[in-house]
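Working notes, structure below.
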Protein chains: 4
Amino acid sequence: MVTVDQFDELASKIDNWGRWGPDDERGTLNLVTPEVVVKAARSVVSGETFPLAMGLSLDGPQTGAGVPGRINPVRTMLGINVPIAEGEHAAAWSDDVVYSPVQAATHWDALSHVSHRGLMYNGIPADSIDSSGATRLAMEAAGPIVSRGVLLDVARYEGVDRLPPGYPVTRDVLAAVEQAQDSPVEEGDIVLIRTGQARRFLEGDKNGYRNRPVPALDWDAPLYFHERGVAATATDNMSFELLPSSVPEVVLPVHVLCLVRMGMVQGQNFVLEDLGAACAVDRRYTFHLGAMPEPFLRSTGGMVHPVAVR
Amino acid sequence: MVTVDQFDELASKIDNWGRWGPDDERGTLNLVTPEVVVKAARSVVSGETFPLAMGLSLDGPQTGAGVPGRINPVRTMLGINVPIAEGEHAAAWSDDVVYSPVQAATHWDALSHVSHRGLMYNGIPADSIDSSGATRLAMEAAGPIVSRGVLLDVARYEGVDRLPPGYPVTRDVLAAVEQAQDSPVEEGDIVLIRTGQARRFLEGDKNGYRNRPVPALDWDAPLYFHERGVAATATDNMSFELLPSSVPEVVLPVHVLCLVRMGMVQGQNFVLEDLGAACAVDRRYTFHLGAMPEPFLRSTGGMVHPVAVR
Amino acid sequence: MVTVDQFDELASKIDNWGRWGPDDERGTLNLVTPEVVVKAARSVVSGETFPLAMGLSLDGPQTGAGVPGRINPVRTMLGINVPIAEGEHAAAWSDDVVYSPVQAATHWDALSHVSHRGLMYNGIPADSIDSSGATRLAMEAAGPIVSRGVLLDVARYEGVDRLPPGYPVTRDVLAAVEQAQDSPVEEGDIVLIRTGQARRFLEGDKNGYRNRPVPALDWDAPLYFHERGVAATATDNMSFELLPSSVPEVVLPVHVLCLVRMGMVQGQNFVLEDLGAACAVDRRYTFHLGAMPEPFLRSTGGMVHPVAVR
Amino acid sequence: MVTVDQFDELASKIDNWGRWGPDDERGTLNLVTPEVVVKAARSVVSGETFPLAMGLSLDGPQTGAGVPGRINPVRTMLGINVPIAEGEHAAAWSDDVVYSPVQAATHWDALSHVSHRGLMYNGIPADSIDSSGATRLAMEAAGPIVSRGVLLDVARYEGVDRLPPGYPVTRDVLAAVEQAQDSPVEEGDIVLIRTGQARRFLEGDKNGYRNRPVPALDWDAPLYFHERGVAATATDNMSFELLPSSVPEVVLPVHVLCLVRMGMVQGQNFVLEDLGAACAVDRRYTFHLGAMPEPFLRSTGGMVHPVAVR
């Protein structure tokens, strides 16, 4: 078990508070320079596109456990083939409406999603979130999320379809995968980490997908992100990090390190199976990644349909 | 006024039913080949990113007129800084939930959004939409929406900030703008058409933004899309096409021509002001466009946060 | 097993189509005359009030099985102690919003809730329900639901806390309970039928509450309602009637007989434990029953918080 | 204008904190004894029923002003005539779902709806409301709301269909109407106050219904409620009290006096037109009033469909 002192020591090491000024709300996304965006475009070779989101429906990954009210989305019709006027030639329209937790399925955690000791990224007070939403560090404050993506396929590295429950994706594991793949992660990259866990969801085993422990990030993984200058990261599981975690008193140490201390948005429930398979074939692990969250203002998260273009 | 016969004649000319097989549900997005996607990446030069969505909130563009229930989104908190465990070191989370029409603000119309004479694209019966949603031609059936984008800046072509109410964006206007810009539209491109109308919304004049007539596509614009092999198109207004239209008996002739006859998804409420300004500076009108709709299954539309990368 | 012919024979016997005119949408609630309402008031002796609804929350009786989207309600805050103005003396408000299926917990089925062979009560076409809701036979068409209530406590009659799974509450059972209780049911009464099944819900066993078979009305119970001139009826379970039913081809024979053929609204998930206990003490089984559904217009059902006043 | 000192003096006079014990959350509803409930039943003479709620729909009274997110309800279908099984004899079901602010139309304000100087009724801290809702003084804590109702028809007293904008319904006005009607208000009664303002809503003039000033309770009306021992009160307007109020620094003095200091729930948007007309004919102003709020747990208000039975 890791102590609070050890946790705080690591936190100090990776801390980005003040790095981009006292008013910054973008955090590590500041590392995505125009040069990085151009590089992302240059990584497109074969023109394949890989959508990375789960379908949003009552069959989504939520099981009723976890955050109260974080249900699967309900979508209903506002109109079905309603004639827009009388007469046989008039068009007819159909429309729909959704009730959906922002974090129901594939999403970004905004920097306001987690607070620690009363504070959020850059020392912004947690109580800047109120019933009107996040007045600071909301999803829209992150700005565009488009960069070069790099897949770190941990499951493939381990030679399995999916990592076993509780497999700890540590800093050293990430570095080893990077090296084995020969896919150097550079400043401004967005790192997608494949554990294979999403297979369970795709196979219809929602409880198996969600129930802990799952293979996930261990507490020191943020050190890797810090060392490489990663702009954002996402995983193919629901909890992002190991639960129970290695730092029991903090409970969600990786959330705190990434969101609060580094100011780095983190993605969950990304589906990386097809992308992983394609990367493995030609051993190209970089791509253009577009992952713009829906701009629900003042939200602590962002629904997103990420797409990798190789 | 255009008669139903004239409308049907144009419809026959641009019809794509059967073109990609009897079971096709992607329509003109089939024109986006890997080669086109590579070309899209090649159009990235300066690495600038332009998000093109309106913010989603109670201050959105809906005014209560139009489709009943197509309100502005409501977002509320599921939790605010809820400690995940006891103890001073435990992380705290915040989460939210939205109620939102799919077509509340920036969105794609799926091919199931409009039917005509009981049919949708490819002759699929309109009654394949029921209370469970669109069992055919739903948004997810469109597949990835990533291609090269081309901006046709009609307002700038006319030398105005925004086109006057009722300005008809015809086939000939589109061709003239394309020529004046020297930005040839090629097969598989997604065309973004700027009227400047979104300025009204950005300036807080919601009624001015919505109330008809607005500058919009005229009935024969789809002929232009057909001739160029356009994969998808979007505008910076709410109605997409002129209302009242030039074909009074059909009421929504452009919707019918694009969605039903061509099988081409169409976007609305795209914000093109910053993109337009940037393109005008260096006269580069092409870019990588990522516009993946949120995958609410069986939906007749798709919330989207499009992004142009130049 | 009961055949369709036998079912149709019973249906003919109890049919009320046309009884209150060709345009009637109230059905048996027409039997609640002012005299009945006065009699209901006269049945109040001790001034005790018994609320009969389940609490509405994420802990409601829905388990995800059954009607897709019939989830437990989600309630969130629109504001928490928001000061209405500046200054230490200004009031502060809190407000909330719900997303709730109309039939999530305690509710009335409106006459439009079920159709049979394309028709609803009084021969009204089923397709008068469309995406805008029930244009005929909506909940509001039922008018006031206030009458004398009579409790038929079947569980107590059988000497058990709750009836065993699959116990068939037949016409003869109802008549026997009525006689044993010496509580004659009269024209215009609303009959509440206690199986004790709601105990399972109150004890936190949601699956036990819902999972079939449960003790419930058997197919010929409507004959009893018809013979007595019952205005409405409600049970303390979720399915109202036996499932699987005795008429496999109709699946929901009691629904069809009550709603479609008699034109009688039916209530579900009423909690009758305290009321049953009180009635048993002094053997008074009649009371004033107020059960006004929330007037969501065009709804096929009605949320309701019924109250018995003894 | 009334000063804060004068307000505080009146508040002290009517204060009920501690009156029913330090843990009480029912406030003046404690005054509804079984004897009062019996008396309510005895007031039923003619057996007429008067539903008092507005219809809940997109045509509700909300205009977009006021509490952000307090929109008109949206109701959509979960299913339309969905066959429950194959075969021509199988029943088909229809179901719906609503998104509705609790205080969208006819409702009770729970005691947690308003706080003052950080406190609610009985000195309970305002911060007992959090993102999970009202952990104290929620609507369900009020218990049953059934009592004798008394209509005070101020508009009829003044000889008008509806009172003019800004008409102050003071303590003296209420006492005068009571005397003129010869309808003594007794301890435990629920008082319904008719201004005629709801006519504007019924006539389709939503802005006229809502826009201030409207005829409403003046700041000292709670003194009348206190003197008579009123259990609850409701009005036929949206704001309940005069806005702008006579106590500018408190802004909502009547809300504070009723909810916070007396512990008395208050109803809004009750429709009293038919009831008023009936009472005027035979000059009977008392009735059984059933007004059970929907039990959404932890809510700061309660949707309700009140019904008067004369």
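Values quoted throughout were computed directly from the atomic coordinates according to the rules given, and no laboratory measurement underlies them. Small disclaimer: the values here were computed from a predicted structure and weren't measured. Reconstructed Cβ throughout: ideal geometry from the backbone, glycine too, with neighbour counts over all protein chains shown.
In order along the stretch D:26-34, the Karplus-derived 3J(HN,Hα) couplings, from 6.51 cos²θ - 1.76 cosθ + 1.60 at θ = phi - 60°, round to 9, x, 5, 5, 4, 6, 7, 7, x Hz, and Gly and Pro are given as x. Look at the Cα gyration tensor of the stretch A:169-310: its axes a ≥ b ≥ c give a/c under 1.5, and that counts as rounded. Over all other residues within a Cβ to Cβ distance under 11 Å of C:D218, the charged ones net out to -2, with Lys and Arg as +1 and Asp and Glu as -1. Sorted shortest first, the distances from the A:A280 label point to those of the same residue in the other copies are 5.2, 6.4, 8.2 nm; each point sits 7 Å from Cα along Cα-to-Cβ. With contacts taken as Cα pairs under 8 Å at a separation of at least 6 residues, the stretch C:227-310 carries a relative contact order of 25 percent. In the stretch D:125-214 the Cα-Cα distances spread across 10 Å bins starting at 0 as 14, 31, 26, 25, 3 percent of all pairs. Residue-wise HN-Hα couplings along the stretch C:294-310, as the Karplus relation 6.51 cos²θ - 1.76 cosθ + 1.60 with θ = phi - 60° gives them from phi, are 4, x, 5, 5, 6, 7, 8, x, x, 4, 8, 10, x, 9, 9, 10, 9 Hz; Gly and Pro carry x. Around the amide H of C:L217, modelled in the peptide plane, lie the amide H atoms of C:V169, C:E241, C:L242, all under 5 Å away and 5 or more residues distant in sequence or on another chain. Across all directions, the shadow cast by the convex hull of the protein assembly as shown built on its C-alpha atoms averages 47.2 square nanometres. Per-residue Karplus couplings for the stretch D:168-185, computed as 6.51 cos²θ - 1.76 cosθ + 1.60 with θ equal to phi - 60°, are listed in order as x, 8, 8, 4, 5, 4, 4, 5, 5, 5, 3, 5, 4, 7, 6, 10, x, 8 Hz, Gly and Pro entered as x.
In chain A, the beta carbon lying closest to the axis that superposes A onto C belongs to the residue given here with its whole-angstrom distance, A:Y99, 2. In this structure the amide hydrogen of A:L119, modeled in the peptide plane, comes within under 5 Å of the amide hydrogens of A:A126, none closer than 5 places in sequence on its chain.
Across the stretch C:127-259, C-alpha contacts under 8 Å between residues 6 or more apart give a mean separation that, scaled by the residue count, equals a relative contact order of 26 percent.
Comparing C:V160, C:V265, C:V177 in a Gaussian network model of chain C where C-alpha atoms under 10 Å apart are linked, the largest mean-square fluctuation is found at C:V160. Of the peptides B:140-150, B:285-295, the order by per-residue mean of other Cβ atoms within 10 Å, starting with the highest, comes out as B:285-295, B:140-150. Here's how it looks for C:L78: its modeled amide H is under 5 Å from those of C:D95, C:D96, C:V97, which are all 5 or more places away or on a different chain. Report, in degrees rounded to the nearest 10, the 0 to 90 angle that the Cα long axis of helix B:273-282 makes with the longest principal axis of chain B. Once rounded, the angle reads 60 degrees. Mind running the shape call on the stretch A:1-153? Use the C-alpha gyration tensor, a ≥ b ≥ c as the square roots of the eigenvalues: rounded below 1.5 for a/c, prolate if a/b tops b/c, oblate otherwise. The shape class here is prolate. Across the stretch A:69-201, Cα pairs under 8 Å and at least six residues apart give a relative contact order of 18 percent. Sorted largest first, the principal axis extents computed over the alpha-carbon atoms of the stretch B:95-140 equal 43, 21, 17 Å. Each label was represented as a point 7 Å from its Cα along the Cα-to-Cβ direction; for D:S46 and B:D59 these points are 5.3 nm apart. Going by a ≥ b ≥ c, the root eigenvalues of the Cα gyration tensor, does the stretch B:243-299 fall in the rounded group (a/c under 1.5), the prolate group (a/b larger than b/c) or the oblate group? Note, shape of the stretch B:243-299 comes out oblate.
Which of the aspartates and glutamates could be linked to D:K13 by a straight reach, that is with a Cα gap under 18 Å, when you skip same-chain ones fewer than 8 residues away? Within the straight-line cut-off, D:K13 pairs with D:D5, D:D172, D:E187, D:D218, D:D220, D:E227. Our helix-only sum for the protein assembly as shown, with -39,500 (n - 2.57) per DSSP H run of n ≥ 4 divided by its residues, gives a mean residue ellipticity at 222 nm of -5500 deg cm²/dmol.
Each copy carries A:G208; placing its label point 7 Å along the C-beta direction from Cα gives inter-copy distances of 3.0, 5.9, 6.6 nm, listed from smallest up. Inter-copy label distances for A:G143: 3.5, 6.0, 6.6 nm (label point placed 7 Å from Cα along Cα→Cβ; shortest first).
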